[in-house]
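All of the numbers you see were taken from the coordinates with simple rules; none came from a lab. Here the structure is a predicted model, which is why all the values come from computation and not from measurement. All Cβ positions, even for glycine, are placed from backbone atoms using ideal geometry, and neighbour counts span all protein chains on display.
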Amino acid sequence: MAAPRRKASKAAAPKRSAPAPLAKPSRDEVHEAIRTMIRWAGDDPRREGLLETPDRVARAWEELFQGYNEDPVEFLKGGFEEIEGYDEMVVLRDIRMESHCEHHMMPFVGRVHVAYLPTKRVVGISKLARLVDVYAKRLQIQEKLTAQIANSLNDVLRPRGVGVIVQAVHHCMTTRGVHKSGVEMVTSQMLGAFRDDARTRREFLSIVSGPQGRASES
Ligand SMILES: [Zn+2]
């Protein structure tokens with residue numbers, strides 16, 4: 001039987017302050033952790049073919065999770081241009097996205113479509129693509145990734161609206177667990193005019209579901 005939970009006193013309960021940040025482990029500690037995982041899988045990390053693996057995995061992780069080292073709001077702030085009266089929708093569609101689910105640390109891979117209605121400023125295409133990367137290259141859930149992209153664009157550009165659609169295949173569903181291949185998860189976040197104005201939303205959806213894109217209203 002589980003031990004009875006100690007009842008938290010009312011004074012201590014209400015505010016849960018964020019725990020202090022953990023120190024970053026050393027490279028040696030990471031190598032050791034990966035050797036442990038190899039043993040857990042059933043293999044011997046001393047085997048010739050696996051000797052370099054911990055270091056390769058550590059370096060792969062630095063690349064896959066480099067989004068933790070960047071502040072998207074900072075680089076977006078430095079990157080916009082003033083516009084002379086252009087007030088139509090700006091859409092960037094089919095931005096390649098590779099991320100890892102925070103539940104299984106397995107890849108989910110797909111495409112992102114980003115749109116906004118500018119007021120005074122626009123942001124360069126490469127900045128938008130990088131914005132996607134900064135959030136994707138972290139441990140994620142697709143819903144949060146979608147919202148983070150939309151909210152940071154909204155905060156920095158102050159447009160009349162933002163629409164973000166993410167379509168992705170989750171390897172934790174296709175290569176393990178339920179083994180459902182070809183299932184694509186679609187998430188969207190609509191802010192401002194994209195949420196309030198059905199015509200704006202339809203225009204966005206029809207652009208991204210054109211010949212190259214395949215998004216559908218869901
Ligand atoms: Zn997962």
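Things worth noting here:
- Over the chain, dividing the summed -39,500 (n - 2.57) contributions of all DSSP H runs of at least 4 residues by the number of residues returns a 222 nm mean residue ellipticity of -11000 deg cm²/dmol.
- Phi-based couplings in Hz for region 31-48 (Karplus 6.51, -1.76, 1.60; Gly and Pro marked x): 4, 5, 4, 6, 4, 4, 5, 4, 5, 4, 5, x, 10, 10, x, 7, 4, 3
- Highest mean first, the peptides 107-116, 179-188 sorted by other C-beta atoms within 10 Å per residue fall in the order 107-116, 179-188.
- Close amide-amide hydrogen proximity is noted between I141 and E102, each under 5 Å apart and 5 or more residues distant or on a separate chain (H modeled in the peptide plane; Pro and chain starts excluded).
- Here the Kirkwood formula puts the hydrodynamic radius of the chain at 20.2 Å, using every distinct Cα pair.
- Two-site FRET efficiency, S209 against E143, from Cβ-Cβ distance with R₀ of 25 Å, rounded to 0.05: 0.75
- Among 190-198, 85-93, 163-171, the peptide with the highest mean count of other Cβ atoms within 10 Å heads the list, and the full ranking is 163-171, 190-198, 85-93.
- Lysine pair count for region 69-208 [Cα-Cα under 29 Å; pairs on different chains or 8 or more apart]: 9
- Karplus 3J(HN,Hα) series, Hz, for region 100-115 with 6.51 cos²θ - 1.76 cosθ + 1.60 (x for Gly, Pro): 10, 6, 7, 7, 10, 6, 10, x, 10, 10, x, 9, 10, 10, 10, 9
- Between region 171-203 and region 46-72, the alpha-carbon center distance in angstrom: 30 Å
- Neighbour counts of other Cβ atoms within 10 Å put C101, C172 in the fewest-to-most order C172, C101.
- Extension gain, E70-R47: 0.36 nm per intervening residue step, less the Cα-Cα distance, totals 4.6 nm.
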